[in-house]
Amino acid sequence: MLQIHNTDYHLGVGNFNRFTISLTDEERNILLKTIDYEILSDPMLNVFPHQTKSNMHIKYEKEWSFLLNKITECMHTIDKKASISTCWGNVSKEDNRYGEHTHKSAYTCVYYLQNNLPEYGTTIYKDIILKGTQGTCVIMSGKIPHSVTNMPENIARDNTRYSIAIDYDIVMTETDVSNYLDNERKRFIEEKNK
């Protein structure tokens, strides 16, 4: 498999942006404990074995604001109209079964909260691994097929990995919608008059 380590890169398959998000040990522990609590007390039953529900940005808006605000600030360097639509925690253990998937969102972000083995990051297009460096996040199009890079059982047993996924949608203002409709109307008239 090809490993990608750059900060910002383009593979001909989409743009990927990596940002460093520094947290204190206390902040990291808040996130770790919250994810563990949610998985034990209110587990997702129809998804992977260790995933929280996707409303963490709402349920823990205040408690997680130190992270969500920093990541959203990074997201706004890419698209200022982006707004969080969903957010959840993933834990990779020896029984990982994360599979390739896409998101309906415009963008998806993976924050590597705890990852002792960066070579187990995010796999895109089945055979390209984006390095999962602890304390960084990768932002990419939600349409790109990707998955958590599953660790072999003997490695995962001693290297539990925590990540936080955040999906961003683009929020359009009334002016944006109006401009879009005007442009579409003009395009329709131009094509009709050809």
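The values are calculated or read from the model by the stated rules, or taken from the named source; none is laboratory data. As the structure is a prediction and not an experimental result, all values here were calculated from the model. In this analysis, Cβ positions are derived from the backbone assuming ideal geometry, glycine residues included, and neighbour counts consider all displayed protein chains. To get the accessible areas, we keep the full protein, side chains included, count just its heavy atoms, and leave off ligands, DNA and RNA. Shrake-Rupley method; radii C 1.70, N 1.55, O 1.52, S 1.80 Å.
Only one entry of D36, D25 meets the criterion of being over 14 Å from the mean Cα position of the chain (by Cα), under 12 Å from G89 (Cβ atoms), at pLDDT 75 or above and open to solvent by 50 Å² or more (accessible area, probe 1.4 Å), and that entry is D36.
Counting only residues that are of a type in the set (G, A, S), closer than 30 Å to T133 by Cα and assigned to a helix (DSSP H, G or I), the range 145-194 holds 1 of them. Within the range 146-177, if we keep just the residues that are modelled with pLDDT of 90 or more and of a type in the set (D, E), the residue that is surrounded by the fewest Cβ atoms within 10 Å (Cβ to Cβ) turns out to be D158.
What do you reckon, is Y107 in contact with a strand residue (DSSP E or B) (Cβ under 6 Å, 6 or more places away or on another chain) and either of a type in the set (S, T, N, Q) or farther than 21 Å from I170 by Cα (or both)?
Details: in contact with a strand residue (DSSP E or B) (Cβ under 6 Å, 6 or more places away or on another chain): yes; either of a type in the set (S, T, N, Q) or farther than 21 Å from I170 by Cα (or both): no.
No, not satisfied.
Restricting the first member to the range 59-77 and to residues that are within 17 Å of E26 (Cα to Cα) and at pLDDT below 95, and the second to residues that are part of a helix (DSSP H, G or I) and of a type outside the set (S, T, Y), no beta-carbon pair is closer than 8 Å while six or more apart or on different chains. Residues in the range 78-115 that are touching a Pro at 6+ places or on another chain (Cβ under 9 Å) and of a type in the set (S, T, N, Q) were compared, and the one that is modelled with the highest pLDDT is T102. Condition (residue is farther than 21 Å from T20 by Cα, surrounded by 12 or more Cβ atoms within 10 Å (Cβ to Cβ), in contact with a Gly (Cβ under 9 Å, 6 or more places away or on another chain) and small (G, A, S)) applied to the range 99-117: is it met by at least one residue? Yes, some residue in the range 99-117 is farther than 21 Å from T20 by Cα, surrounded by 12 or more Cβ atoms within 10 Å (Cβ to Cβ), in contact with a Gly (Cβ under 9 Å, 6 or more places away or on another chain) and small (G, A, S).
Among the residues in the range 113-122, are any hydrophobic (A, V, I, L, M, F, W, C) and closer than 20 Å to N90 by Cβ? Taking every residue of the range 113-122 in turn, at least one turns out to be hydrophobic (A, V, I, L, M, F, W, C) and closer than 20 Å to N90 by Cβ. Name the pairs: first residue in the range 19-36 and free of Cβ contacts under 8 Å to residues at least 40 places away in the same chain, second residue crowded, with 17+ Cβ neighbours inside 10 Å and part of a loop (DSSP other than H, G, I, E, B), Cβ to Cβ under 8 Å, at least 6 apart or on different chains? Pairs found: I30/W64.
With K143, K186, K194 as the choices, which residue is farther than 25 Å from W64 by Cβ, open to solvent by 80 Å² or more (accessible area, probe 1.4 Å) and either modelled with pLDDT of 85 or more or in contact with an Asp or Glu (Cβ under 8 Å, 6 or more places away or on another chain) (or both)? Working first, answer last.
Details: K186 fails: either modelled with pLDDT of 85 or more or in contact with an Asp or Glu (Cβ under 8 Å, 6 or more places away or on another chain) (or both); K194 fails: either modelled with pLDDT of 85 or more or in contact with an Asp or Glu (Cβ under 8 Å, 6 or more places away or on another chain) (or both).
Exactly one of K143, K186, K194 is farther than 25 Å from W64 by Cβ, open to solvent by 80 Å² or more (accessible area, probe 1.4 Å) and either modelled with pLDDT of 85 or more or in contact with an Asp or Glu (Cβ under 8 Å, 6 or more places away or on another chain) (or both), namely K143.
For the range 60-97, filtered to residues that are of a type in the set (S, T, Y) and open to solvent by 20 Å² or more (accessible area, probe 1.4 Å), the residue that is nearest to the chain's Cα centre (by Cα) is T86.
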